[in-house]
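This report refers to the structure that appears directly beneath it.
Every read-out reported here was derived from the displayed coordinates using simple, explicitly stated rules and does not represent laboratory data. This is a predicted model, so every value here is computed, not measured. So basically every Cβ, Gly included, is an ideal-geometry build from the backbone, and we count neighbours across all protein chains shown.
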Amino acid sequence: MRLMVSVLVGLALTSSSALAAGAPAAAPVAAPAAAASEEGFVPIFNGRDLTGWDGNPKFWSVKDGAIHGETTKENPTKGNTFCLWRASLVGDFELRLSYRMTGGNSGVQYRSRDLGNWVVGGYQAEIANDGGRDGYIYDEKGKRGRMCLVGEKVVWGKDGKKQVTGSVGDLEKIKASYKKSDWNEYRIVVVGNHIQHFINSVQIIDFTDEDEANRALSGILALQIHAGAPMVTEFKNIRLKTLGPDPAPAAPKPDAAKAAAPK
């Protein structure tokens, strides 16, 4: 079922005088002005509870208007665990959200496989509270590892090999745009086999996936808590815009999967 359109307040970007002749080298690629419009975006988190979302209640809750994922020394997770968006799958889309984290490691999964027990595999937009790492693409539960690092423009070929074809901006300037241990704005744009990540309106990666044997064109959307050190990860203002034909609705979660989840 196609998500209903919700019209939100449009935003405007101002032009920069830094583009004048003789100005210093340009900053990393920023989102185009047209991308600031909120037309067509639908909120998929209501800010009050986890309606539409499904995560292990030992680790996921809602606090202060944000989806709150937390592990502690007394309450660790034995493996990576996820909070899944159950209302629909995602195919071609644009996702916007605000995020903040402390400690550990997190991420945003999309076009991913539901492996049961609150575990997924597939494309992950990295969150590490580090301007040199946030925004790269990782193949969660897959074979391709870190597919496109911060600042890279990559084509993953039909032969299964990574080809770095260019850069999306100066790495040090990209790092400087990140707000450590504070709220940052993620923007993920996925159309066909082309993926772009932006943080705080700065382009982080540009990735084209020609590996038909391993790529995915639709799947689950989810948020990650990584196993390991105690951590807190938070997400709010989550909005989704469908850019192509909707994939099939997500299958209902089997009761057995939750019953069999690690205690």
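The figures follow:
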quantity: Added length on full extension, which subtracts the Cα-Cα distance from 0.36 nm per residue, Asn237 to Lys173; calculated: 20.5 nm
quantity: Inter-site label distance for Ala87 and Asn193 at 7 Å from Cα along Cβ, in nm; calculated: 3.1 nm
quantity: Unit charges on C-beta of K, R, D, E only; dipole of segment 48-245, Debye; calculated: 180 debye
quantity: Residue pairs, from the table Lys141/Lys241; Lys73/Lys179; Lys153/Lys175; Lys141/Lys179; Lys173/Lys241, whose Cα atoms sit over 22 Å apart; calculated: Lys141/Lys241; Lys73/Lys179; Lys141/Lys179; Lys173/Lys241
quantity: Under the Debye formula (equal points on every Cα, no solvent term), log10 I(q)/I(0) of segment 48-245 at q = 0.13, 0.18, 0.19 Å⁻¹; calculated: -0.65, -1.29, -1.43
quantity: In sequence order, calculated HN-Hα J values of segment 111-118 (Karplus, 6.51, -1.76, 1.60; Hz; x Gly/Pro); calculated: 6, 9, 8, 7, 9, x, 6, 6
quantity: For Ala250, residues with placed amide H under 5 Å, excluding near neighbours; calculated: Ser88, Leu89
quantity: In range of the label at Asp246: residues from segment 77-116 whose backbone nitrogen is under 17 Å from the point 7 Å along Cα→Cβ; calculated: 85-95, 111
quantity: Peptides ranked, highest mean first, by Cβ atoms within 10 Å: ranges 174-182, 217-225; calculated: 217-225, 174-182
quantity: Segments 231-243, 52-64 sorted - mean Cβ within 10 Å per residue, highest first; calculated: 231-243, 52-64
quantity: Enclosed volume per residue, in Å³, of the convex hull spanned by Cα atoms of segment 23-163; calculated: 172 Å³
